[in-house]
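Student: Below you will find the structure I want to go over with you.
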Amino acid sequence: MRSPLSAIHWLAWRDPRRRAATLLRFAEVEADGGRDLVRAAEVTRDPLLRRLFLKHALDEQRHADLFRGRGVALIRGLPDGGDGGPQARWLTPGERGLDDLRVEDEGDAALLAFLHLSEKQAARDFAGYAAVLGADEATRAVFEKVLHDETFHMTYTHRQLRRVAPERAATRIWTARLRRFWKAYLRLASGLAGLAGTVILTLQFFLILPPFALLARRAARKETPGWTPVAPARNGSLEREY
Amino acid sequence: MNILGLSAHYHDSAAALLVDGQPVCAVQEERLSRRKNDAAFPLGAIEWCLDSAGLQPGDLDAVVFYERPMLKFERILTTALRAWPQGRSAYAHAVRNALGEKVWVRGLIQAHLGVPRRKILFTEHHQSHAAAAFLTAPTDAAAILTADGVGEWATLTVGRGRRPPGGATSLELLREVRWPHSLGMLYSTFTAFLGFPVNEGEYKVMGLASYGTPRFADAVRQVVRRTSDGAFALDLGFFEFHTTARRSYSRRFLDVFGPPRAAWDPIDLETEDGRRYADVAASVQLVLEEVLVDLAAALRRETGLADLCLGGGVALNGVANARILCESGFERVFVPPAPGDAGCALGAALYADRIHFAQPDRPFPDHPFWGPGIEAGELARIAAEDGLAVEALDEAAMLERTAQDLAAGRIVGWMQGAGEFGPRALGHRSILAAPHSAETRDRLNRDIKYREEFRPFAPVVPAELAHEYFELPPGGLRLARFMSGVFRVKPQWRAALAAVTHVDGTARLQALERGMAPRLHDLLMAYGRLSGAPVLLNTSFNLAGEPIVSRAVEGYSTFRRCGIDVLVADGVRTVKRTRATIEMEPEEAEA
């Protein structure tokens, strides 16, 4: 059965320029996720988890290389080359790395639950992308390779979670799910706040600031390039912020 | 008197602690948070500094921030206003950015540390650079030149400092060049044009420059022209960094220098575009050197002083530093190990101590090792848990085994004592290798550092033997102390030092005095006895996109993920079974 998101995926991946830009972004996200996993390996006191996290980090680095290689190949194949075009990141579905997680603040169980959900979501997304990339075999092959690893990551995180928190694995996963939901809300809220801030500041820039801009430009015209003496008073007090 | 210096919010935040005028510790936030170029308020660094010294925030006599945030905000606002109506996006970006946290530094420090308002002080950005350069240098009187992208308004300053025996220390900035005319921004704009990350990729431009010919030098001289008073000014028609946050160069810039390089596109020097990129890099490098040498020569004539202290991010340009030493007339040039913004944390604290509080001058320990130490036992435990062979060796055995490893072509992760403060690994957090073969360089680039082939690696050599291998001008040894100068490798040694000799026959060497890092010095001598030349390749112990390692566990995780063969932390040595893989037991692999 086709996923209800298939149409969105198809739309998002249809244009080769956007496809290339998205793959390059995936490369960044995978590399970032890999660095977070390295940190997790450095922080944990559990030797088995350390090895698994390091292996996982190497996988993420390999995925980053795969995505980058395919993205660059796609750009090279474009009629005008180009720089990847507008990225429209927030429109593009995809893995979100570890959501800027502060690994040091997480216990092993919380981290495993979070990783499990992230990998599960990524596996679902990547399977969806591969399904709509029928004509682009090379990109589909990249997703299939990555998907194979994601399945392992999804499995090991769940098994290890049951090992380190046998009684509370399900609770941990639900907590992680709620935290992902909360972070998604925060992302949306901060995006909206940023948008509102930009609108207000833009209005301010055009409606309130013109007289000040005029004064600033007039002052700039009086400045001559070259040396400006430093007033001796400036070598004095450290109490001023200005 | 306990003084904490802080730098934060733009790139490379850091904290440094002085106790009774002497440095106790200094560390960049990135070394603790493990986020490269971490610009966040350096809470981790502050906590570590206070813990290391056994102090509470209440024990601090002053907390000194490295610049004046309101003055900086004034510059940002004024710049946006001057660009009206083009500056709309820059204005929105700057206001949101600054009002979020960056202008409320006093409140931030009060909130985090609980120190009273009167104890919070502010130096000017270039005062901090100047203090970091002059007050850490072993000189009684020196001219000072600082240059970076921008501080509050200043982008370049000249001044002089004096520390008369028994008298009051003075540090005076005389003149400045003001925003938007900036050598740092000039170089950063070319860095962005060449597809490298700004504030990080400037090294790459310098490395690439050696492959090009400066056929665009006249064009660059149009971009940065000399003013009648001996300073310089940018032709702003070539730039957009003062009107938008999106792009630093203008359409006119592209008309002169051609299309920019995309960040993802590898530089192929066999292609026309690849050669153009190298030629552009060579041109901006040449013009930067010309301007700096002229400014330094004029400063020498004006002050009559024999010593020059260089500070600011531009002082990381080792090729320019070497030309200043050779051509400006100064006899000695001092560049601190952390001349960039991180070093301002130390500079701000020193300025407050010596100038503001007029504390007596004290000689500054002439080394960069102010960061966290390592617990070798931690490495032994982790490696043993992972089933790797671990040996705890005494000093002599450790040196002998490591020298043998290096002579056998193995690549060694080397961690000793406290970590370096500043961007360079100077012998306590280094990756070491034999310097003889270009294959070693290629292997390091391919399997360990994952970086461009055109970037050179640096050699380290005992200072007393440096002249045998390198053409050092008078004063060169000092500049090479913290790897701050690029000098020529003697022709007869270039083939034997192929891994550290750049395409133009130069090397950014570190000349190591035994007193600064005795173990590494002894290792060099032991290696010299085996190989005939006590020179090693020394590169920072990190992977691409990661900060230099700090603790043993971070060295270990780096060792496990790349092609490093041997890891040595103090007296503990471990060896990998296979390269860059994580060996799992069958049941673990099924986990």
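Student: Any idea which residue in the range B:456-467 is surrounded by the fewest Cβ atoms within 10 Å (Cβ to Cβ), counting only those that are without any contact (Cβ under 8 Å) to a residue 60 or more places away in the chain and within 23 Å of residue B:323 (Cβ to Cβ)?
Tutor: Of the range B:456-467, the ones without any contact (Cβ under 8 Å) to a residue 60 or more places away in the chain are B:463-464, B:466-467.
After this cut, where a residue has to be within 23 Å of residue B:323 (Cβ to Cβ) as well, the list is B:463, B:466-467.
Details: B:463: 21, B:466: 23, B:467: 14.
Per the stated criteria, the residue is B:467.
Student: I've got another one for you. Considering each of B:516, B:525, B:584 in turn, give the residue that is part of a loop (DSSP other than H, G, I, E, B) and modelled with pLDDT of 95 or more. Give the derivation first.
Tutor: On the way: B:525 fails: part of a loop (DSSP other than H, G, I, E, B); B:584 fails: modelled with pLDDT of 95 or more.
Exactly one residue qualifies, and that residue is B:516.
Student: Still on this structure, please answer the following. Under 9 Å between Cβ atoms, at least 6 apart or on separate chains: pull out the pairs that start in the range A:185-204 with a residue that is farther than 14 Å from residue B:100 by Cα and end on any residue that is surrounded by fewer than 12 Cβ atoms within 10 Å (Cβ to Cβ).
Tutor: A:187/A:90; A:191/A:90
Student: Step by step: first the residues of the range B:132-177, then only those that are closer than 27 Å to residue B:76 by Cα and of a type in the set (Val, Ile, Thr), then the one that is nearest to the chain's Cα centre (by Cα). Which residue is that?
Tutor: Here the residue is B:146.
Student: Now for a different question. Within the range B:94-103, is there a residue that is more than 11 Å from every other protein chain (Cβ to nearest Cβ), within 12 Å of residue B:9 (Cβ to Cβ) and crowded, with 16+ Cβ neighbours inside 10 Å? I'd like the intermediate steps shown before the answer.
Tutor: The initial filter retains those residues of the range B:94-103 that are more than 11 Å from every other protein chain (Cβ to nearest Cβ), namely B:98, B:101-102.
Checking which are within 12 Å of residue B:9 (Cβ to Cβ) leaves us with B:98, B:101-102.
Of the ones still in play, those that are also crowded, with 16+ Cβ neighbours inside 10 Å are B:98, B:102.
Yes: the range B:94-103 contains one or more residues that are more than 11 Å from every other protein chain (Cβ to nearest Cβ), within 12 Å of residue B:9 (Cβ to Cβ) and crowded, with 16+ Cβ neighbours inside 10 Å.
Student: Can you give me the ranges of the strands (runs of 3 or more DSSP E) entirely in the range B:113-219 with at least 2 residues that are in contact with a Pro (Cβ under 8 Å, 6 or more places away or on another chain)?
Tutor: Output list reads B:170-178.
Student: What's the total number of residues in the range A:17-69 that are β-branched (Val, Ile, Thr), in contact with a Phe, Trp or Tyr (Cβ under 8 Å, 6 or more places away or on another chain), in a helix (DSSP H, G or I) and over 16 Å from residue A:138 (Cβ atoms)?
Tutor: Kept after step one, since they are β-branched (Val, Ile, Thr), are these residues of the range A:17-69: A:22, A:29, A:38, A:43-44.
Imposing the further condition that a residue be in contact with a Phe, Trp or Tyr (Cβ under 8 Å, 6 or more places away or on another chain) reduces the set to A:22, A:38, A:44.
Next, only the ones that are in a helix (DSSP H, G or I) stay: A:22, A:38.
After this cut, where a residue has to be over 16 Å from residue A:138 (Cβ atoms) as well, the list is A:38.
Counting residues in the range A:17-69 that are β-branched (Val, Ile, Thr), in contact with a Phe, Trp or Tyr (Cβ under 8 Å, 6 or more places away or on another chain), in a helix (DSSP H, G or I) and over 16 Å from residue A:138 (Cβ atoms) gives 1.
Student: Another question, if that's okay. Take residue B:137 and tell me if it is away from every other protein chain (no Cβ under 14 Å) and of a type in the set (A, V, I, L, M, F, W, C). Reasoning before the result, please.
Tutor: Working: away from every other protein chain (no Cβ under 14 Å): yes; of a type in the set (A, V, I, L, M, F, W, C): yes.
Taking the combined requirement at face value, the residue satisfies it.
Student: Hey, could you check the range A:180-199 for residues that are of a type outside the set (S, T, N, Q) and surrounded by 13 or more Cβ atoms within 10 Å (Cβ to Cβ) and say which is nearest to the other protein chains (Cβ to nearest Cβ)? Show your work before the answer.
Tutor: As a first pass, look at the range A:180-199 and keep what is of a type outside the set (S, T, N, Q): A:180-189, A:191-197, A:199.
Retained after the next criterion (residues that are surrounded by 13 or more Cβ atoms within 10 Å (Cβ to Cβ)): A:180, A:183, A:187, A:197.
Working: A:180: 22, A:183: 18, A:187: 16, A:197: 5 Å.
Filtering the range A:180-199 for residues that are of a type outside the set (S, T, N, Q) and surrounded by 13 or more Cβ atoms within 10 Å (Cβ to Cβ), the one nearest to the other protein chains (Cβ to nearest Cβ) comes out as A:197.
Student: Taking the conditions exactly as written (surrounded by fewer than 19 Cβ atoms within 10 Å (Cβ to Cβ) and small (Gly, Ala, Ser)), does residue B:281 satisfy them or not?
Tutor: On the way: surrounded by fewer than 19 Cβ atoms within 10 Å (Cβ to Cβ): no; small (Gly, Ala, Ser): yes.
Judged against the criteria, residue B:281 is not a match.
Student: May I ask you to list pairs of residues, at least six apart or on different chains, whose Cβ atoms are under 6 Å apart, with the first in the range B:542-561 being closer than 14 Å to residue B:384 by Cα and the second being in a loop (DSSP other than H, G, I, E, B)?
Tutor: That search, which allows pairs on different chains as well, returns B:552/B:374; B:552/B:375.
Student: For the range B:9-24, which positions are buried (at least 24 other Cβ atoms within 10 Å of the Cβ) and at pLDDT 95 or above?
Tutor: Those that are buried (at least 24 other Cβ atoms within 10 Å of the Cβ) and at pLDDT 95 or above: B:13, B:14, B:15, B:16, B:17, B:18.
Student: Scan the range B:214-226 and tell me whether some residue there is in contact with a strand residue (DSSP E or B) (Cβ under 8 Å, 6 or more places away or on another chain) and within 10 Å of chain A (Cβ to nearest Cβ). Break it down into steps so the answer makes sense when it comes.
Tutor: Of all residues in the range B:214-226, those in contact with a strand residue (DSSP E or B) (Cβ under 8 Å, 6 or more places away or on another chain) come to B:223-226.
Filter again for within 10 Å of chain A (Cβ to nearest Cβ), leaving B:225-226.
Within the range B:214-226 (the criterion being in contact with a strand residue (DSSP E or B) (Cβ under 8 Å, 6 or more places away or on another chain) and within 10 Å of chain A (Cβ to nearest Cβ)), the answer is yes, since at least one residue qualifies.
Student: Only one of (1) within 12 Å of chain A (Cβ to nearest Cβ); (2) in a loop (DSSP other than H, G, I, E, B); (3) farther than 28 Å from residue B:200 by Cβ is not met by residue B:55, so which one is it?
Tutor: So the condition that residue B:55 fails would be (1).
Student: Check whether at least one residue in the range B:270-277 is more than 10 Å from chain A (Cβ to nearest Cβ) and part of a loop (DSSP other than H, G, I, E, B), and report yes or no. Even if it seems obvious, please write down each step before you answer.
Tutor: Initial filter on the range B:270-277 (more than 10 Å from chain A (Cβ to nearest Cβ)): B:270-277.
Imposing the further condition that a residue be part of a loop (DSSP other than H, G, I, E, B) reduces the set to B:270-271.
Yes.
Student: Which residues, taken from the range B:534-557, are within 11 Å of chain A (Cβ to nearest Cβ) and in contact with a strand residue (DSSP E or B) (Cβ under 7 Å, 6 or more places away or on another chain)?
Tutor: B:549, B:552, B:555, B:556, listed by residue number.
Student: While we're on this one: Could you list all residues from the range B:429-458 that are at pLDDT 95 or above and either touching a helix residue (DSSP H, G or I) at 6+ places or on another chain (Cβ under 8 Å) or of a type in the set (Val, Ile, Thr) (or both)? Reasoning before the result, please.
Tutor: At the first step, the residues of the range B:429-458 found to be at pLDDT 95 or above are B:429-435, B:458.
Selection gives B:429, B:430, B:431, B:432, B:433, B:434.
The values are calculated or read from the model by the stated rules, or taken from the named source; none is laboratory data. Predicted model, so just to flag it, every value in this text is computed and none were measured. Backbone-built Cβ (ideal geometry, glycine too); neighbour counts: all protein chains shown.
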